[in-house]
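S.K.: Supplied in structure tokens, the structure appears directly below.
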Amino acid sequence: MVGAAGPRMLRLTAELADHWNAGLRTAEEASELSERVDSACRAVGRDPATLTRSAEVLIRTIPAAGVEAEERELRGTPAELAAQLRRYEPLGMAHLQVQLRPNTVDGVRAAAGILAALDA
């Protein structure tokens, strides 16, 4: 797996990698970067569909009074968060690496509602 965003590394990713990670990106940012990965693949004669893709997401599972949202943090009800996560699927993201806020047992328990909403 290669995490890349710059032109040189995207070219190397297209030439050598089996898996590309977009890093911590919004769905919109990941979409734009994914288009650049596709272009890099075509430039080296590779079918873009042969490159596995993933991204990282930051999810606030338990609202905290007075805590400002971190950059690119997803917030909302379990149904809203599920909808936000689904926005990565049409981008061809095979995996999402999830960071929970708070990263606690209660935070993990709260994430169960998101999983249930994704299964609905």
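S.K.: Nearest 0.05, what FRET efficiency do residue 52 and residue 120 give at R0 = 25 Å with Cβ-Cβ as r?
M.R.: Between residue 52 and residue 120 the formula returns 0.40.
S.K.: Now a separate question. Give me the dipole magnitude in Debye, nearest 20, for region 2-119 about the Cα centre, with unit charges on the beta carbon: positive for Lys and Arg, negative for Asp and Glu.
M.R.: 140
S.K.: Run through region 48-120 and list the GluC sites (Glu not before Pro) located in a DSSP loop whose Cβ has at most 13 other Cβ atoms within 10 Å.
M.R.: Filter output for region 48-120: 68, 70, 71.
S.K.: Now, a different point. Please arrange 114, 59 by counting, for each residue, the other beta carbons lying within 10 Å of its beta carbon, fewest first.
M.R.: Ranking 114, 59 by Cβ neighbours within 10 Å, fewest first, gives 59, 114.
S.K.: Roughly speaking, what is the stretch gain from residue 5 to residue 106, that is 0.36 nm per residue apart minus the C-alpha to C-alpha distance, in nm to one decimal?
M.R.: 33.0 nm
S.K.: Between residue 23 and residues 5 or more places away or on another chain, which pairs have amide H atoms under 5 Å apart, with H built 1.01 Å from N, and which residues are they?
M.R.: Under 5 Å from the amide H of residue 23 lie the amide H atoms of 56, each far enough along the sequence or on another chain.
A short reminder: the numbers here are calculations on the coordinates, not readings from a lab. The structure displayed is predicted, hence computed values, not measured ones. For neighbour counting, all protein chains shown are included, and Cβ atoms are generated from backbone atoms with ideal geometry for every residue, glycine included.
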